[in-house]
1. Cβ contacts < 7 Å: first residue touching a residue at least 12 places away in the same chain (Cβ under 8 Å), restricted to the range 193-216; second residue open to solvent by 80 Å² or more (accessible area, probe 1.4 Å) and assigned to a helix (DSSP H, G or I), any location; separation 6+ or different chain. Result?
2. Within the set of pairs 6+ apart or on separate chains, which have a first residue in the range 24-35 that is under 10 Å from ARG3 (Cβ atoms), a second that is among the acidic types (Asp, Glu) and surrounded by 11 or more Cβ atoms within 10 Å (Cβ to Cβ), and C-beta atoms under 7 Å apart?
3. Return the total of residues in the range 1-11 being surrounded by fewer than 24 Cβ atoms within 10 Å (Cβ to Cβ) and touching a helix residue (DSSP H, G or I) at 6+ places or on another chain (Cβ under 7 Å).
4. Which of (1) touching a helix residue (DSSP H, G or I) at 6+ places or on another chain (Cβ under 7 Å); (2) open to solvent by 80 Å² or more (accessible area, probe 1.4 Å) does ILE369 not meet, given it meets every other one?
5. Quickly run through the range 168-184 and pick out the residues that are over 18 Å from the mean Cα position of the chain (by Cα) and either farther than 13 Å from ILE231 by Cβ or part of a loop (DSSP other than H, G, I, E, B) (or both).
6. Go through the range 56-103 and count every residue that is over 19 Å from the mean Cα position of the chain (by Cα), farther than 25 Å from GLU30 by Cα and assigned to a loop (DSSP other than H, G, I, E, B).
7. Write out, first by first residue and then by second, each pair whose Cβ atoms fall under 6 Å of each other, whose residues are 6+ apart or on separate chains, and whose first residue, in the range 423-452, is touching a residue at least 60 places away in the same chain (Cβ under 8 Å) and more than 22 Å from LEU275 (Cα to Cα) while the second is open to solvent by less than 70 Å² (accessible area, probe 1.4 Å) and part of a loop (DSSP other than H, G, I, E, B).
8. Under 6 Å between Cβ atoms, at least 6 apart or on separate chains: pull out the pairs that start in the range 245-264 with a residue that is on the phi < 0 side of the Ramachandran plot and end on any residue that is basic (Lys, Arg).
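The values are calculated or read from the model by the stated rules, or taken from the named source; none is laboratory data. The structure presented is a predicted model; accordingly, all values stated were derived computationally and were not measured. We place every Cβ from the backbone using ideal geometry, glycine too, and count neighbours over all the protein chains shown. All accessible areas refer to the heavy atoms of the entire protein, side chains included, with ligands and DNA or RNA removed. Shrake-Rupley method; radii C 1.70, N 1.55, O 1.52, S 1.80 Å.
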Amino acid sequence: MERPRILIVGGGFAGLECARRLEHKLAASEAEISLVTPFSYQLYLPLLPHVAAGVLTPQSVAVSLRRSLHRTHIIPGGAIGVDPPAKVCVVRKITDEVTAFKYDFLVLAPGSITRSFDIPGLTDYARGMKTLAEAAYIRDHVIAQLDLASTTLNQGERESRLQFVVVGGGYAGTETAACLQRLTTAATRRYPRLDPGLIKWHLIDIAPKLMPELGDKLGNTALQVLRARGIEVSLGVSVAEVGAETVKFTDGRVLPCRTLIWTAGVAASPLIGTLDAETVRGRIAVNAEMRVPQFDSVFAIGDSAAVPDLAKGDGAVCPPTAQHAARQGRRVADNLVAALHNQPLQPYYHRDLGLVVDLGGKDAVSKPIGVELKGIPAQLVARGYHIMAMRTNVAKFRVGANWLLNATAGDDFVRTGFLARQPARLRDFEYTDAYLTRDQVRQHAQSLLTRG
């Protein structure tokens, strides 16, 4: 008999953990496991601010899938459409060839994209912090602004190049602003013609509190740390308009600025829109067993799935965090094994273990299992958590060695020239215009079935 085909879409925390668990639980003769992903690594997203700041090298947070997976077939491309009735997934390979794959069971773990709004100039001039390429680009861009500001004789140009705006007061935005501010502060020692007082970082968010999930006490502690470093934090404020050299806020202020980093939340992958399935705020609705109710052969996990949070109850869904994604990946693998063996499926249940926020250097705030920490103890918890969460020993060693090297030797503030003179817009990194319409997906599915 032909082996059942299990197709996993996405090589992030959820997808990788699902594939690993399936390899462990199923013999090679029991199922054929395939993983669709454009990159052969799992991106350790929480440490992207460290890459942007030069504390870690890009390779340190790119955890090799081929070190972790041994018999999963890795398909180099991105899923751009799914036809559940036909059990077909349409994939655009990294060569831009569009092909279709049949499956018996599908696990959707495509992750999320940067959430944007209809703000004039945003899509043209904002930079994201969602991919490894974006983090590498932002580092080059920030150092380039220091280089150019150091040489110009135009006061207006110098001022606009030395003002930086980060939008989003969540974990990604707060850590990005904190880590990059440390980068520019340290860099001024190598730029004798620059006045350190001219370098200004702004962190803004429409919410009234910074990282409200941490609670008032730790949120205020983080706010005090940022402001003590000279970062101007504006809450209850958003962006009204973005230009090539200016940023206008909703409170009327207009800043000369050529760097706006947008981290104001995430949205489910556009892949979800290609399915004719119920959604919850853009995320595909699933039951507690993470199965899509309309399609018995389809499961969904991670940032793009609205998985019921049974630990909280009251109709809550799990937040889009790595902690939940990894555990959902393991549970859905168990449920796939159960489905293959005609056994009952188990619901996903996980009580949040807490949060860590690394503000760079000795500064951090953490809340492991409800215990509030700050300073060095919080930093030890934060970095210890990240090391433990890395999937391979090689990745753990690289990250630890990079932290040690940066702490002892510092940074050389070198630009690599990555994407120099390129637009580097949000859509250029996240390929949000690559997805098919439902009619196009059905056409590809029909073509595959006809050939078959």
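1. What qualifies is LEU198/GLU159.
2. Cβ pairs passing all conditions: ILE33/GLU23.
3. Step one: filter the range 1-11 for residues surrounded by fewer than 24 Cβ atoms within 10 Å (Cβ to Cβ), giving 1-5.
With touching a helix residue (DSSP H, G or I) at 6+ places or on another chain (Cβ under 7 Å) added as a condition, the list becomes 4.
Result for the range 1-11: 1.
4. If we test ILE369 against (1) touching a helix residue (DSSP H, G or I) at 6+ places or on another chain (Cβ under 7 Å); (2) open to solvent by 80 Å² or more (accessible area, probe 1.4 Å), just (1) comes out false.
5. First pass over the range 168-184, keeping only residues over 18 Å from the mean Cα position of the chain (by Cα): 181-184.
Result: no residue meets the conditions.
6. Result for the range 56-103: 4.
7. Partner pairs satisfying both residue conditions: LEU426/GLY128; PHE429/THR131.
8. GLU245/ARG258; VAL254/LYS248; ARG258/ARG161; ILE261/ARG127
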